[in-house]
Ligand code: DX5
Ligand code: ZN
């Protein structure tokens with residue numbers, strides 16, 4: 001079997017909002033591979049979170065890659081501010097009200113890696129038209145909008161189908177990321193289905209010793 005490196009991404013949404021810079025450094029010191037930043041507009045999801053200034057702050061305080069998840073109705077209107085802020089990857093939801101292919105092209109043209117996101121009930125087939133342009137797909141395992149929700153196992157079938165589709169498209173190193181309710185109990189099932197990148201907010205930031213928890217995640221993934 002082609003074993004892929006497992007990427008662990010703490011989600012800043014679950015960090016102590018009064019100490020964001022320290023919380024970013026805590027993730028880096030704990031051995032995280034990248035930082036996940038959730039951007040919400042109160043329209044695509046019923047909540048608000050960060051804007052580009054928080055991404056720019058993260059860029060100043062860490063050398064970890066910044067993985068920016070846009071939960072926006074019109075992500076196409078905000079690509080440049082997030083690229084300028086220092087995003088390394090920009091993920092857009094296929095359900096948003098924009099021209100997805102054009103928006104992915106816009107992200108790429110700014111020198112940022114484009115990625116697509118699927119909600120739990122979105123068919124994996126919605127991702128297929130974009131596979132030629134992206135190297136990463138984020139499969140939501142909760143409805144986006146809030147941290148701390150319970151993991152949904154329904155999307156595991158999408159992960160299996162996406163992994164097969166990526167292989168068939170000649171992309172053995174395609175990244176399949178999962179987000180929502182990822183913890184000690186759910187991570188192995190995602191890895192077994194074909195995910196190789198794992199976002200976790202509550203399960204990592206709630207631990208005083210994030211380093212041990214990340215190590216535990218890695219050992220659970222490596223056993224699959
Ligand atoms: C949910 C966000 C997630 C969130 C995950 O809308 O996209 O990234 O921070 O939080 P947990 O790991 O607590 O489910
Ligand atoms: Zn997210």
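Tell me, in nm to one decimal, what length is gained between residue 171 and residue 110 on full extension, where the rule is 0.36 nm per residue of separation less the Cα-Cα distance? Intermediate values should be presented prior to the final figure.
Working: separation 61, 0.36 × 61 = 21.96 nm, distance 2.29 nm.
Gain in length upon complete extension: 19.7 nm.
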Next on the checklist: Is the C-alpha gyration tensor of the chain telling us rounded, prolate or oblate? Criteria: a/c under 1.5 is rounded; beyond that, a/b larger than b/c is prolate, otherwise oblate.
Outcome noted: rounded
Next on the checklist: Between residue 126 and residue 84, what is the label-point separation in nm under the 7 Å Cα-to-beta-carbon projection?
Outcome noted: 3.0
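For segment 11-168, what proportion of DSSP beta bridges, expressed in % and rounded to the nearest 5, is antiparallel? Don't jump to the answer; show the numbers that get you there.
Values: 1 of 20 bridges.
Counting only bridges with both partners in segment 11-168, antiparallel ones make up about 5 percent.
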Item to check | Simple label model, 7 Å out from Cα along Cβ direction - residue 185 to residue 48, nm | outcome: 3.4
Checklist entry - Contour minus end-to-end for residue 211 and residue 22, with contour as 0.36 nm per residue of separation and end-to-end as the Cα-Cα distance? => result 66.6 nm
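For n ≥ 4 DSSP H runs only, could you compute -39500 (n - 2.57) per run for the chain, divide by its residues and tell me the 222 nm figure to the nearest 500?
The helix-only estimate for the chain comes to -9500 deg cm²/dmol at 222 nm.
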Checklist entry - Is the shape of segment 110-175 best called rounded, prolate or oblate, per the rule: a/c under 1.5 gives rounded, else a/b larger than b/c gives prolate, else oblate, with a ≥ b ≥ c the square roots of the Cα gyration tensor eigenvalues? => result oblate
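Quick note: the coordinates plus some simple rules give every number you see, no bench work behind them. Nothing here was measured: the structure is a model prediction, and the numbers come from that model. When we count neighbours, we look across all protein chains shown, and the Cβ atoms used for this are built from the backbone with ideal geometry, even at glycine.
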